[in-house]
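Reading through the C-alpha cells given below for one structure.
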Amino acid sequence: MNRMLGKSPELQSVLRAARLVASTDVTTLILGESGTGKELLARTLHDESPRAGSPFIAVNCAALPEGLAESELFGHRRGAFTGAVDAHDGRIAAADGGTLFLDEVGELPAAVQAKLLRFLESGECQPLGATRPQAVDTRVVAATHRDLHEDVAAGRFRADLYYRLQVIPLELPALRERPSDIPALLSHFLETLAGQHGLPGPRLSCAARQCLEAYAWPGNVRELRNTCERLVILHAGQTIEPDHLPAALRTTGGAGNSFRLPAEGVRMDELEADLIRQALARTEGNRSRAARLLGLTRDTLLYRMKKYGLQEEIAGMQRTPLLSA
C-alpha cells in the first residue's frame, strides 16, 4: 500500500484490511469524506491484486448524464436509441479482467442501480439493444462520501444494492483524524511538486509549519496537496512564513482554538452530550455530517448517542419543525 502515505494508527488499520481485500475479488465499498484518497486506495487495491496487469477503469458516477448512464456503463448496440450510430462496449466490459471503480456510486439513477445489482449477482452484462447478456469478469470497487445507509432509509438508494456493495467496507479517516501524518504529507508534497514543476522547493519556517499542522483541513489530503502546489509555485526556493499562507490557515491553531476551562469547572458528560445535540441540530439530524463536525466516526457518534440516551430525544426533535428550521 505504498501509494497511501501515513503511519498513523487510524490509516494503518484501514491499510491492513485493504491488503487482505486486495488478494481477493470481493466487492468493496470505500467510504470517506471528499479528498481523503478514495480513488487512490481503489487504484492501490487493483495494483496489488492478481488483476494488476488488466485495465483499471474509473467512472465518476456524479458526472454521468442521467439519460446516458446506462449506456456508459453497460454499452449499447448500434441503433439501440436515437443517436446510437455506432456500438459501444461500455465501461464494465472495458474493465474485463480488471477493476471497475465507481466513484460517487450513490449518484447512480435508480434504473442503473437495478442493472448494476444484476451484474454483481450474475456477472452478466447486457448492453442496450442486445438480445442476450454477456459474461464479463470485472471486479467492482465503489466509493462514496455520502451516508448510503441514510439514503437507503430515505428511499434514494436500493437496499439490496447497498448490502451487495458493502461486502467489505473500508472507511478512510479524515485528515483531521490523523494529524500525526500531516508533517510527512507536507514534506512529500513540497518535494514532489517542486520536482514536477522544475522549481527549487520552498522551506517552511517553524511558525508556518505550526499553522499548517494545526489547520483542520476540511478538504483533506486534496486540499493539503493543492496548498503545497500553490506554495511551490508562488514561493519557490523561499522560506515560507505565516504571512505567505492563505488567511484561513493563518487563523487556526494556537490560543485561538483552545478551550478555556471555567473557574468552576465543567461536567464533561453534560458538555459532550450538549455538543452532540448542537451538531445534530446544525445538520438537521444527519448523523454522518454531525460526526464530521465533531471529529468523530459515525460509529463513535452512535455509541455516544446511546451512552447519553439521545436517540429518542433526537428522534423527537426530528419530528418537529425546530430541527429543520
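The values are calculated or read from the model by the stated rules, or taken from the named source; none is laboratory data. Bear in mind that the values here come from a model prediction, so they are computed numbers and not experimental data. Neighbour counts are summed over all protein chains in view; Cβ atoms, including those assigned to glycine, are modelled from backbone coordinates with ideal geometry.
Of the numbered criteria (1) surrounded by 14 or more Cβ atoms within 10 Å (Cβ to Cβ); (2) over 19 Å from the mean Cα position of the chain (by Cα); (3) not in a loop (DSSP other than H, G, I, E, B), the one residue 20 fails is (1). The helices (runs of 4 or more DSSP H) found entirely in region 191-277 that carry 2 or more residues being at pLDDT 95 or above and within 30 Å of residue 287 (Cβ to Cβ) are 220-234. Scanning region 103-121 for residues that are assigned to a helix (DSSP H, G or I) and either free of Cβ contacts under 8 Å to residues at least 12 places away in the same chain or not hydrophobic (A, V, I, L, M, F, W, C) (or both) turns up 106, 107, 113, 115, 118, 121. Scanning region 145-174 for residues that are free of Cβ contacts under 8 Å to residues at least 40 places away in the same chain and in a helix (DSSP H, G or I) returns 149, 152, 153, 159, 162, 163. Would region 82-91 turn up any residue that is at pLDDT below 95 and not in a loop (DSSP other than H, G, I, E, B)? Looking for residues that are at pLDDT below 95 and not in a loop (DSSP other than H, G, I, E, B), one finds at least one in region 82-91, hence yes.
Listed here are the residues, each with its yes/no results for (1) surrounded by fewer than 18 Cβ atoms within 10 Å (Cβ to Cβ); (2) within 24 Å of residue 51 (Cβ to Cβ); (3) assigned by TED's automatic domain parsing to the domain that holds residue 33.
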site: 140; (1), (2), (3): no, yes, yes
site: 143; (1), (2), (3): no, yes, yes
site: 150; (1), (2), (3): yes, no, yes
site: 153; (1), (2), (3): yes, no, yes
site: 157; (1), (2), (3): no, no, yes
site: 169; (1), (2), (3): yes, yes, yes
